[in-house]
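Heads up: the structure comes next, in structure tokens.
Rule-based calculations on the coordinates, nothing more; no lab input. As the structure is a prediction and not an experimental result, all values here were calculated from the model. Cβ placement follows ideal geometry from the backbone for every residue including glycine, while neighbour counts extend to all protein chains displayed.
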Amino acid sequence: MIRSRLKRNSVGLLQGTFQSLGQVAPAADIAILLVASFSIAGAQTILAVIFGWLIYALWMVTPYQLSKFKSNAGSYYAYAASATKGGILGTPTALSFLYYDITGAAFGILGLSSFIFLISPAITHLSYIWILFAAIFTAYIIIITYLGIRPSLNYTAITGLAEVLFLLIAAIIIIIKVGPGNSTIPFDISGKYSVGFASIMFASVFSILDFTGSGVVTTISEEITKPKKNIGKSIVFAMIMTAIALIPATYALTVGWGIGHIASFASTSDAGLVVFSKYLGPVGLVLLIIFTINSYASNGVSKATAVSRWWYSAARDKIVFPESIGKINPKHRTPANAVIAWALISFVLDVSVGLIFGPEDAAFVLEAGTGISIIAVHMLANTSLTLYARRINQFNFWKHSVAPSVATIVGLVVLYFTVDNIITRWASNPTGVNDAYLASFIITIIWIVIGGFAFTYHYYRKMPQRLINAGEFDIEKDAY
């Protein structure tokens with residue numbers, strides 16, 4: 001048996017679904033992360049979340065369609081690389097994806113530390129204790145992911161299903177207990193408490209981040225059974241489950257806090273915890289804390305699984321990464337070097353930025369680059385879908401042209417709001433943190449645009465065959 005490759009048929013539809021859901025971390029969204037959306041949309045945050053979900057569902061059309069054509073662990077990178085015969089879209093997509101991976105790790109590494117500080121304020125005087133939390137978290141995701149895809153995704157599946165059920169049941173209980181406090185006001189765009197459609201759409205930009213990662217199941221295309229069927233199904237089921245977990249719970253937070261007092265929600269960093277404690281008592285509060293910590297852990301495991309797989313694919317193609325990154329552990333059949341390299345690089349970056357700004361602000365600064373880079377990945381993937389469908393003579397105007405084009409236009413709108421917010425914040429209040437937001441934006445653009453061009457030009461001039469071969473592998477067509 002050849003053991004230098006990923007193991008085929010290691011996981012099924014269930015694990016694939018929760019590989020995607022693990023990236024979403026719904027309990028963390030409900031506990032603390034929806035504050036940004038509430039600060040903009042107020043009582044209409046439920047609409048912002050619904051619009052955010054619809055926008056992200058539109059973005060998921062592209063990986064859903066591409067997964068029918070190609071089964072490659074490289075995910076968006078492989079799709080883009082094989083979109084043209086010359087492979088010129090592969091390297092800019094790889095660099096965008098890489099930037100997303102490195103900066104996006106802050107969600108778990110720094111986010112969990114910030115959450116522990118929030119629920120245990122007595123330890124905040126221990127200035128550097130968060131580094132210990134970050135180190136423990138990093139070691140945890142390395143170990144779990146290193147042990148193989150089946151045990152790691154079984155963990156995310158079991159805990160993820162429990163998390164979704166808890167949030168749904170908790171939301172129903174809160175809504176019932178609110179009684180007469182329930183209202184249609186959260187769904188009224190023009191009523192007394194309305195903030196206006198523009199503000200709701202702006203808040204949806206932040207809500208989109210609550211669903212980011214639903215397409216990462218494409219990275220396990222070489223290990224899931226029947227990938228050309230189950231990848232698409234996993235995306236659909238994951239999106240449905242995120243809606244079930246987040247939409248009712250967002251409404252429950254709104255009416256549970258009180259529509260007339262909703263302005264104070266955004267100024268309370270632990271508002272989600274407060275609402276759950278009020279209506280569900282100590283048991284509900286403790287369960288939300290447990291599931292929130294699990295959200296961060298599942299996100300880390302899911303992300304490590306996704307990152308290591310597409311890095312392995314790119315290293316196999318000798319694009320961006322050295323071949324050593326793609327080395328497979330012969331016992332557990334995992335890209336061990338990729339897991340360790342990503343986790344350690346992310347840890348060093350997160351701690352370095354955290355020492356300057358503190359773990360919470362550092363997470364937001366790094367996530368600014370994360371948002372921009374993943375939008376770039378999606379837009380490149382949209383273009384790739386159109387080009388690849390034409391290349392293999394499977395082109396359908398509505399599925400492969402209209403849908404990805406609309407998704408790209410929406411992506412540009414989201415990008416505009418994101419960049420406008422960063423620049424406006426810096427211009428109106430040039431603090432050290434806002435300077436860092438602007439610097440993060442500039443570095444992201446330089447990395448993607450200049451870096452993407454430089455790498456592509458290098459391969460085109462020196463090693464054109466690498467670009468031509470990049471992303472061409474398909475587990476269901478090519479023998480090992």
statement: HN-Hα couplings for the stretch 412-424 via Karplus (6.51, -1.76, 1.60; θ = phi - 60°), in whole Hz with x for Gly/Pro, come out as 5, 5, 4, 4, 4, 4, 5, 5, 4, 5, 5, 5, 4
task: For helix 13-24, report the angle its Cα long axis makes with the longest principal axis of the Cα atoms of the chain; keep it between 0 and 90° and round to the nearest 10°.
output: 60 degrees
message: As I understand it, the value is the acute angle between the Cα axis of helix 45-59 and the longest principal axis of the Cα atoms of the chain; what does it come to in degrees, rounded to 10?
response: 10 degrees
- prompt: Hey, if you drop one equal point scatterer on each alpha-carbon of the stretch 251-410 and run the Debye formula without solvent, what base-10 log of I(q)/I(0) do you get at q = 0.09, 0.17, 0.19 Å⁻¹?
  reply: -0.55, -1.16, -1.20
statement: Cα-Cα longer than 30 Å, checked against K229/K462; K226/K462; K226/K303, kept in input order, equals K229/K462; K226/K462
field: In order through the stretch 393-409: 3J(HN,Hα) via Karplus (6.51 cos²θ - 1.76 cosθ + 1.60), integer Hz, x for Gly, Pro
entry: 6, 10, 5, 10, 3, 6, 6, 10, 10, 5, 4, x, 5, 4, 4, 5, 4
- request: Please report how far the C-alpha centroid of the stretch 132-189 lies from that of the stretch 41-93, rounded to the nearest whole angstrom.
  value: 23 Å
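What Kirkwood hydrodynamic radius do you get for the stretch 434-480 when you take the inverse of the mean 1/r over all pairs of distinct Cα atoms, in Å?
Details: mean 1/r = 0.0754 Å⁻¹.
About 13.3 Å, per the Kirkwood formula over Cα pairs.
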- line: Rounded to the nearest whole number, the Stokes-Einstein translational diffusion coefficient of the stretch 337-414 at 10 °C and 1.306 mPa s (Kirkwood radius, C-alpha pairs) in µm²/s is 106 µm²/s
message: Cross-link candidates for K331: which lysines have Cα within less than 16 Å, leaving aside residues fewer than 8 places away along the same chain?
response: K7
query: What's log10 of I(q)/I(0) for the stretch 202-253 at q = 0.25 Å⁻¹, Debye sum over Cα points only, no solvent?
result: -0.95
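What does the extension gain come out to for R390 and D478, with contour length at 0.36 nm per residue minus their alpha carbon separation?
Details: separation 88, 0.36 × 88 = 31.68 nm, distance 2.13 nm.
Contour length minus the Cα-Cα distance gives 29.5 nm.
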task: For Y457 paired with V236, estimate the spin-label separation in nm (one decimal), with each label point 7 Å from Cα along the Cα-to-Cβ line.
output: 4.5 nm
message: Can you sort E323, E472 from fewest to most other Cβ atoms within 10 Å of each residue's own Cβ?
response: E323, E472
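Can you sort K331, K462, K177 from fewest to most other Cβ atoms within 10 Å of each residue's own Cβ?
Working: K331 11, K462 8, K177 14.
Ascending number of Cβ neighbours within 10 Å: K462, K331, K177.
Nearest 500 deg cm²/dmol is fine: what mean residue ellipticity at 222 nm does the chain get from its DSSP H runs of n ≥ 4 alone, each adding -39,500 (n - 2.57), divided by its residue count?
Theoretical 222 nm ellipticity from helices: -23000 deg cm²/dmol.
What is the fewest-to-most order of E163, E222, E367 by other Cβ atoms lying within 10 Å of their Cβ? Numbers along the way, then the final one.
On the way: E163 30, E222 24, E367 20.
Exposure proxy ranking, most exposed first: E367, E222, E163.
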